[in-house]
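> Dropping a structure here in structure tokens format, bear with me for questions.
The values are calculated or read from the model by the stated rules, or taken from the named source; none is laboratory data. Computed from a predicted structure; not experimentally measured. Glycine gets a Cβ as well: all are built from the backbone with ideal geometry, and neighbour counts include every protein chain shown. The area values use the complete protein model at the heavy-atom level, side chains included, leaving out ligands, DNA and RNA. Shrake-Rupley method; radii C 1.70, N 1.55, O 1.52, S 1.80 Å.
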Amino acid sequence: MCGFLFLVHQNRTIDKNQFTKMGDLLQHRGPDNTSNFFINEKIGLNVSRLRIHDKTSSSDQPFKSECGRYIILFNGAIFNFKKLKKELESSGESFSTISDTEVLLKGYLKYGNNFFYKINGMYAIAIFDNLNLKLNVFRDFSGIKPVYYFHSGETLII
């Protein structure tokens, strides 16, 4: 299944070549797409995707919200995502993909952290608010999908 990388340097600029090499270490996790990443001076997001539900590139990650403010990185399987999608559609949401990734992001934006109580699945998820520079990381309640992190004085790697 997929793998993702989130990197923050607090006091220095991310070296794009070094970040790309770090992402290359995840290629075995998702051979279907390894070229998408988001990077600015201090923050880098990278995903190696294994396409399961939506085999097109429209669901490749990092996946951005329609407004571009939120970015999701996701590894796992959401067993009830079709039911969750129907629930969101009945409340007025529309979707541009058939992926569980978009359902996760829209569900989080609609319901906040409470949305994760509705999920039946195994997952590790990072949702980044690009406006407020805030990161939320979630994993399934059983702990099936791991989230590893490293934090030093000025660097965070997930």
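> Roughly to the nearest percent, how much of the accessible area of the range 72-158 is carbon and sulfur, given a 1.4 Å probe?
Working: 2390 of 4580 Å².
Whole-percent figure for carbon plus sulfur exposure: 52.
> Which links in Lys42/Lys83; Lys16/Lys82; Lys64/Lys145; Lys64/Lys86; Lys42/Lys82; Lys16/Lys85 stretch past 28 Å when you go from one Cα to the other?
On the way: Lys42/Lys83 37 Å; Lys16/Lys82 37 Å; Lys64/Lys145 22 Å; Lys64/Lys86 21 Å; Lys42/Lys82 36 Å; Lys16/Lys85 36 Å.
Correct reply: Lys42/Lys83; Lys16/Lys82; Lys42/Lys82; Lys16/Lys85.
> Rolling a 1.4 Å sphere over the protein heavy atoms, what is the accessible area per residue of the range 87-158, to the nearest Å²? List each step's numbers first, then the result.
Numbers: 3890 Å² over 72 residues.
Per residue, the range 87-158 has 54 Å² of solvent-accessible surface.
> Still on this model: Would you check the accessible area of Thr13, probe 1.4 Å, heavy atoms only, in square angstrom rounded to 10?
80
> Next question. So how do Phe95, Phe116 rank on accessible area, 1.4 Å probe, biggest first, that is with the largest at the start?
Details: Phe95 45, Phe116 5 Å².
Sorted by accessible area, descending: Phe95, Phe116.
> Still on this structure: Which sequence of Tyr123, Tyr108, Tyr149 reflects their accessible areas, 1.4 Å probe, from the largest down? Can you show the working numbers first?
Working: Tyr123 5, Tyr108 35, Tyr149 170 Å².
Solvent-accessible surface, decreasing: Tyr149, Tyr108, Tyr123.
> Next up: Accessible area of Lys42, 1.4 Å probe, to the nearest 10 Å²?
The accessible area of Lys42 comes to roughly 70 Å².
> Please list 124-136, 73-85 highest first by mean number of surrounding beta-carbon atoms within 10 Å per residue.
73-85, 124-136
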